[in-house]
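Q: Following this message is one structure expressed as structure tokens.
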Amino acid sequence: MKPNFISKSLVTLLIFGAILTSGSPSQAAQLIIRAIECKSVSTGISPGVLNAIFKPLAAVTQALISTALPGDLSEASKLIAAIPDVAQAIDSAGGGDPDDLYLSLSNQPKRDLAVWPAPGKDYDISKGQVVRPNLKLDFSNVIDVNFWEYDSGSGDDFLGRLTVNESEAGGVKTKIVYNPDEGNIYVVEYEVTGVAVAPQPAAQPVGQQWQEVPGCAKKIASGGGITWVLGCASGGSGGYQIFSRNGSNWELVEGAATDIAVNSDGTPWVVNANGTIFQRSGNSWQPVPGCAKKIAAGGGKVWVLGCASGGNGGYQIFTWNGSGWDLIPGAAVDLAVDSRNTVWAVNAQGEIYRYANSRRGGYSITIGNSWKQVAGCAKKIAIGGDKVWLLGCANNGSAGYEIFSRNGSNWDLVPGAAVEIAVDATGNPWIVNANGTIFRAP
């Protein structure tokens with residue numbers, strides 16, 4: 001391969017942009033490796049070029065390895081991209097074969113000791129690829145996570161080490177993991193939790209009362225002043241019975257479904273057990289092309305999670321353009337859309353994202369990642385009347401998950417537990433617990 005050129009500016013960036021850590025009294029902590037981006041696979045950048053840069057700096061190598069940069073992968077990429085020669089070297093690096101990557105806490109190259117992706121397993125990662133392990137490792141004081149490439153023909157190759165100290169607690173950070181002899185460059189996004197950075201008030205339940213509503217439901221949706229549910233009884237091979245709210249009663253509607261959404265004009269959309277999508281038109285269900293696992297609607301727009309995997313445990317994301325489905329980058333397990341077509345999503349790891357380009361002009365597809373992460377962890381999310389509610393990742397007894405409402409940039413814990421949630425046009429939540437019992441805000 002042709003030699004590539006990478007400047008000492010990268011080292012300068014790491015040194016002068018660094019947050020250098022120091023030892024602190026041992027505490028219980030947890031390292032969460034949220035994401036790994038491969039900037040260059042092993043031998044992707046000429047080892048000779050990297051050696052020429054890093055070996056003369058052997059005295060500061062350990063400092064570089066224990067250096068943290070504030071921010072997530074996107075922030076780290078901006079810093080790297082700001083140095084033209086570094087960015088050019090990475091861009092021109094040969095793609096090469098994927099690295100058969102695994103992580104371990106051992107200094108010995110033993111794939112059976114892998115902590116990710118699993119003992120005895122490795123993960124094929126290519127240049128430019130981002131993987132989100134959401135790997136959680138308990139530790140005290142300091143932890144070393146070693147990056148290895150599995151090689152069935154010879155010894156496994158050491159790709160570098162992520163060293164993290166307890167004192168790095170507080171916010172998401174990134175570090176560079178590299179081995180000059182191999183030519184690989186990885187950017188790792190991580191967070192240290194479980195260490196008190198400063199006293200923080202515990203989440204306190206806000207005032208919220210729930211009024212039980214007669215009936216039994218598996219799913220619930222609301223829009224245009226009308227609430228719909230999928231009942232607890234089977235409606236046939238397509239899923240559960242479908243009901244709409246009429247005053248204080250539930251009216252049975254023909255059909256069967258496994259998921260339901262209601263647009264801002266009150267039009268319901270459903271998905272059945274086969275993934276078939278239907279829109280309500282008058283007194284009948286009209287099939288819509290496509291296949292979906294989950295559906296959401298708001299602001300005159302409809303979004304679905306398709307039947308195909310989008311990676312990382314989630315499904316592909318699509319939005320309806322009137323005659324077909326536009327693929328949106330990303331993968332999720334739950335979606336919610338408000339009356340202004342602002343889209344929120346939850347992935348398989350419980351991470352929450354808001355689609356930054358969803359509001360203007362209905363939606364717009366741009367080059368790059370338009371999903372912006374929001375702090376918190378969720379199983380389900382719902383929006384209505386500009387109010388965002390979610391079911392958290394922690395159980396609150398046998399009835400379901402904890403319930404939170406959005407308050408500015410924070411989440412307020414609300415009394416109760418649920419497995420499904422919807423928010424009506426006035427911003428009032430409806431929930432269903434694990435027993436199928438329906439509640440609403442009075």
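The values are calculated or read from the model by the stated rules, or taken from the named source; none is laboratory data. Quick caveat: nothing in here was measured; it's all calculated off a predicted structure. Cβ placement follows ideal geometry from the backbone for every residue including glycine, while neighbour counts extend to all protein chains displayed.
Q: Within segment 309-347, which residues are over 16 Å from the mean Cα position of the chain (by Cα), in a strand (DSSP E or B) and among the β-branched types (Val, Ile, Thr)?
A: The answer is THR319, VAL337.
Q: Looking only at segment 150-194, count how many residues are surrounded by fewer than 21 Cβ atoms within 10 Å (Cβ to Cβ), over 20 Å from VAL130 (Cβ atoms) and β-branched (Val, Ile, Thr).
A: Final tally of qualifying residues: 2.
Q: Hey, could you check segment 224-233 for residues that are of a type in the set (Gly, Ala, Ser) and modelled with pLDDT of 95 or more and say which is farthest from ASP265 (Cα to Cα)?
A: That would be ALA233.
Table: residues versus (1) modelled with pLDDT of 95 or more; (2) in contact with a Pro (Cβ under 6 Å, 6 or more places away or on another chain); (3) on the phi > 0 side of the Ramachandran plot; (4) not aromatic (Phe, Trp, Tyr).
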position: ALA217; (1), (2), (3), (4): yes, no, no, yes
position: ALA221; (1), (2), (3), (4): yes, no, no, yes
position: SER237; (1), (2), (3), (4): no, no, no, yes
position: PHE243; (1), (2), (3), (4): yes, no, no, no
position: ASN246; (1), (2), (3), (4): no, no, no, yes
position: GLY255; (1), (2), (3), (4): yes, no, yes, yes
position: ALA261; (1), (2), (3), (4): yes, no, no, yes
position: ASP265; (1), (2), (3), (4): no, no, no, yes
position: ASN272; (1), (2), (3), (4): yes, no, no, yes
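Q: So, one more: For GLU251, only one of the following conditions fails: (1) free of Cβ contacts under 8 Å to residues at least 12 places away in the same chain; (2) under 22 Å from PRO289 (Cβ atoms); (3) acidic (Asp, Glu). What is its number?
A: (2)
Q: Is it the case that VAL333 is under 30 Å from VAL130 (Cα atoms), assigned by TED's automatic domain parsing to the domain that holds GLY238 and buried (at least 22 other Cβ atoms within 10 Å of the Cβ)? First the steps, then the outcome.
A: Numbers: under 30 Å from VAL130 (Cα atoms): yes; assigned by TED's automatic domain parsing to the domain that holds GLY238: yes; buried (at least 22 other Cβ atoms within 10 Å of the Cβ): no.
Here the answer is no, as VAL333 does not meet what is asked.
Q: Give me the pairs, please: first residue somewhere in segment 103-127 and surrounded by fewer than 19 Cβ atoms within 10 Å (Cβ to Cβ), second residue anywhere and of a type in the set (Lys, Arg) and assigned to a helix (DSSP H, G or I), beta-carbon distance under 6 Å, and either six or more positions apart or on two chains.
A: Here the result reads GLY120/ARG111, each pair linking segment 103-127 to a residue that is of a type in the set (Lys, Arg) and assigned to a helix (DSSP H, G or I).
Q: Also, quick follow-up: Of (1) at pLDDT below 95; (2) within 26 Å of the chain's Cα centre (by Cα); (3) not hydrophobic (A, V, I, L, M, F, W, C), GLY306 satisfies all except one. Which?
A: Of (1) at pLDDT below 95; (2) within 26 Å of the chain's Cα centre (by Cα); (3) not hydrophobic (A, V, I, L, M, F, W, C), only one is false for GLY306: (1).
Q: Take the residues in segment 273-326 that are of a type in the set (Phe, Trp, Tyr) and more than 23 Å from SER339 (Cβ to Cβ); name whichever of them is surrounded by the most Cβ atoms within 10 Å (Cβ to Cβ). Don't jump to the end; show me each part of the working.
A: First pass over segment 273-326, keeping only residues of a type in the set (Phe, Trp, Tyr): 278, 285, 303, 315, 318, 320, 325.
Subset that is more than 23 Å from SER339 (Cβ to Cβ): 285, 315.
Values: TRP285: 21, TYR315: 24.
Here the residue is TYR315.
Here's the yes/no breakdown for (1) buried (at least 16 other Cβ atoms within 10 Å of the Cβ); (2) of a type outside the set (Val, Ile, Thr); (3) in a loop (DSSP other than H, G, I, E, B); (4) on the phi < 0 side of the Ramachandran plot:
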residue	(1), (2), (3), (4)
LEU391	yes, yes, no, yes
ALA394	no, yes, no, yes
SER398	no, yes, yes, yes
TRP411	yes, yes, no, yes
GLY416	yes, yes, no, no
ALA422	yes, yes, no, yes
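Q: Could you list, in sequence order, the residues of segment 136-149 that are buried (at least 18 other Cβ atoms within 10 Å of the Cβ) and not β-branched (Val, Ile, Thr)?
A: PHE139, ASN146, PHE147, TRP148, GLU149
Q: Cβ contacts < 6 Å: first residue in the same structural domain as THR267 (by TED's automatic domain parsing), restricted to segment 416-428; second residue of a type in the set (D, E, K, R), any location; separation 6+ or different chain. Result?
A: GLU420/LYS219; ILE421/LYS380; VAL423/LYS387; GLY427/LYS387
Q: Regarding GLY290, is this residue within 21 Å of ILE381 (Cα to Cα) and not in a strand (DSSP E or B)?
A: The answer is no for GLY290.
Q: Taking only segment 218-247 into account, find how many residues are in contact (Cβ under 8 Å) with a residue 60 or more places away in the chain, within 22 Å of ALA399 (Cβ to Cβ) and in contact with an Asp or Glu (Cβ under 8 Å, 6 or more places away or on another chain).
A: 5
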